[in-house]
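Let me begin by presenting the structure, written as structure tokens, before commenting on it.
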Amino acid sequence: MSASDKELKDFRTEVSAWMKENNPANPGFLLPQTFMEVGDERQLEFLREWQHKIWSAGYLGMAWPKKYGGRGVEANFQSIADQEMRRNGVPICFNVIGLGWAGPLINEMGTEEEKAKYLKGILNAEDVWCQGFSEPDHGSDLGNAQLRAVRDGDEYVLNGQKIWTTMGNFAKYMIMLARTNPEAPRKYDGLSYFLSPMLVPGIETRPIRKITGEYGFTETFFTDARIPADCIMGEEGQGWKIAMQTLQYERGAEAGAAGGQSMVRVVVDDMISELRDVQRDGEPVLKDPVVRDQLVKAIMEERAMMLGERRSHIGPLTTDYPGSLPLSNKLRATEMTRRMRQLAINLQGAEGALYVGDDEARQGGFWQRAYFNSFSATIGGGTSQVQANIVAEHILGLPK
């Protein structure tokens, strides 16, 4: 039976009160704005403790089965908990690849043994997960992955490289696409999917420094690394199908995530509040008619995104292009976020050139850092160009 409006309202009050009471104090060092900036042990341990606290309180993985660490309640409760996390400005839940991609995949397609082995550790933050899809020589051509996985008795031997491995240096497990049959007639048929351990001889990670000065991504090298054969998910040759399902979660096209915040979210109202005292030619910049036009357009786009999310759950309102809103959400949301943060910098005038560490930087350089960090979301999970092709081919029916 579905929860009543009163039950949901009472739950919201409960969660909001808990978030206010338990929101941790500033730790005295820079916290990541997204899960893609966890660069040192201090950040990791702070966020691991925070995620464990949310899970222990019952506000993470609420729709996941009880026997695997969830609460087994309807997803509405998790949505409310997530909304209150955003509203109260609490830190992010950092284990996003586990919470949002690997976990939902295992919940849907995994064996009972895999669910029992992996799911609880994802929720309580004991087990950090990373993703091994991208490779340095293949750009957005995921189907051309060349990391080799050769069966040798009860093990697979791995040789090759992955790149942009978020939190690879902290991860215990990796969702990984590898080539088990290089002779397959179609490149996609030679791929297999693994739930691979990371802490084995022959797997090495090297952090990548970003334009922000932060870390979070790594290169991952496999040199005769041996993993148990039962790490394969499904059968050999099924990797492409499973990878595509993973990307449905990563791009927000399908539900099933455990919940939590993956990034510090800011909206147009936050930008407007921050710019109220900015002057241009002796007048508040917000009085400039061109600026006001830009802000109105940003507000309209943001509002359209919010209403589109609600519309996507109402079947009769999406009969023209079924699935169009979820499939296009990743493209629309990441590009809108990037443009809005760029606007926030542009409207600061000369102050927009300051950065984290500059005493005169607004909000400590928050918007500048946020702008640079926004590019990772336009690349991960498929670049904006790839997303545009998905919309063209799968929604509009245009030729390749």
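Assorted remarks:
- The stretch between Gln342 and Arg209, if pulled fully straight at 0.36 nm per residue, gains 45.7 nm over its current Cα-Cα span.
- Nearby lysines by direct alpha-carbon distance to Lys53 (threshold 25 angstrom, same-chain neighbours under 8 apart not counted): Lys9, Lys20, Lys66, Lys67, Lys115, Lys117, Lys120, Lys172
- 222 nm mean residue ellipticity, helices alone, for the chain (DSSP H n ≥ 4; -39,500 (n - 2.57); rounded to 500): -12500 deg cm²/dmol
- About the Cα centre, charge dipole magnitude for segment 59-183 (Lys/Arg +1, Asp/Glu -1 at Cβ), debye: 440 debye
- The lysines within cross-link reach of Lys297, meaning a Cα-to-Cα straight distance under 22 Å and a gap of 8 or more places when in the same chain, are Lys287, Lys330.
- Residue by residue, segment 175-188 carries 3J(HN,Hα) couplings of 7, 9, 9, 9, 8, 9, 9, x, 9, 4, x, 10, 4, 5 Hz when phi is fed to the Karplus relation 6.51 cos²θ - 1.76 cosθ + 1.60 (θ = phi - 60°); x denotes Gly or Pro.
- Backbone amide hydrogens, once placed in the peptide plane, bring Arg280 within less than 5 Å of Val285, excluding anything fewer than 5 places away on its chain.
- Prolate/oblate/rounded label for segment 268-395 (Cα gyration tensor, a/c 1.5): prolate
- Three-way shape label, segment 5-124, alpha-carbon gyration tensor, a/c 1.5: oblate
- At R0 = 41 Å, FRET efficiency that the Cβ-Cβ distance of Val150 and Gln385 yields, to 0.05: 0.75
- Rounded, prolate or oblate (a/c below 1.5 giving rounded, otherwise prolate when a/b exceeds b/c) for segment 107-218 by Cα gyration tensor: oblate
- For the chain, excluding the exposed loop sites themselves (chymotrypsin sites (Phe, Trp or Tyr not before Pro), DSSP loop, at most 16 other Cβ atoms within 10 Å), the longest remaining stretch covers 30-354.
- DSSP-assigned coil residues among GluC sites (Glu not before Pro) in segment 329-398, each with at most 13 further Cβ atoms within 10 Å: Glu360
- Span from the segment 173-250 Cα centroid across to the segment 272-324 one, whole angstrom: 38 Å
- For segment 290-300, backbone phi angles converted through the Karplus equation (6.51, -1.76, 1.60; θ = phi - 60°) give residue-by-residue couplings of 5, 5, 4, 5, 4, 5, 4, 4, 5, 5, 4 Hz, Gly and Pro being listed as x.
- For Val128, nonlocal amide neighbours, meaning residues 5 or more places apart or on other chains whose placed amide H falls under 5 Å from its own, are Lys172, Tyr173.
- Our note on the geometry: Cα centres of segment 365-400 and segment 1-78, 27 Å apart.
- Residues Glu108 and Lys172, FRET efficiency given R0 of 25 Å [Cβ-Cβ distance, rounded to 0.05]: 0.70
- A Cβ-based charge dipole, computed about the Cα centre of the chain with Lys and Arg at +1 and Asp and Glu at -1, lands at about 580 debye.
- For segment 326-351 versus segment 134-169, the inter-centroid distance based on Cα atoms is 32 Å.
- Residue among Val285, Asn389, Pro322 farthest towards the positive dipole end of segment 268-395, charges placed on Cβ: Pro322
- Each of Gly139, Phe222, Gly168 was placed along the dipole of the chain (beta-carbon charges, centred on the mean Cα), and the one lying farthest toward the positive end is Gly139.
- DSSP-assigned coil residues among trypsin sites (Lys or Arg not before Pro) in segment 259-291, each with at most 12 further Cβ atoms within 10 Å: Arg276
- Amide H contacts of Ile208: Gly216, Phe217, Thr218, Glu219, each under 5 Å away and 5 or more positions distant or on a separate chain (H built 1.01 Å from N in the peptide plane; Pro and chain starts excluded).
- Where labels lie 7 Å past Cα in the beta-carbon direction, separation of Leu307 and Arg280 in nm: 2.7 nm
- Computed magnitude of the charge dipole of segment 268-395 (debye, nearest 20; Cβ of K, R +1, Cβ of D, E -1): 440 debye
- Hz values of 3J(HN,Hα) by residue in segment 125-136 - Karplus curve (6.51, -1.76, 1.60), Gly and Pro given as x: 6, 6, 10, 7, 10, 10, 10, x, 10, 5, 10, x
All of the numbers you see were taken from the coordinates with simple rules; none came from a lab. These figures come from a predicted structure and were not determined experimentally. With ideal geometry, Cβ positions are generated from the backbone for all residues, glycine too; neighbour counts draw on all protein chains shown.
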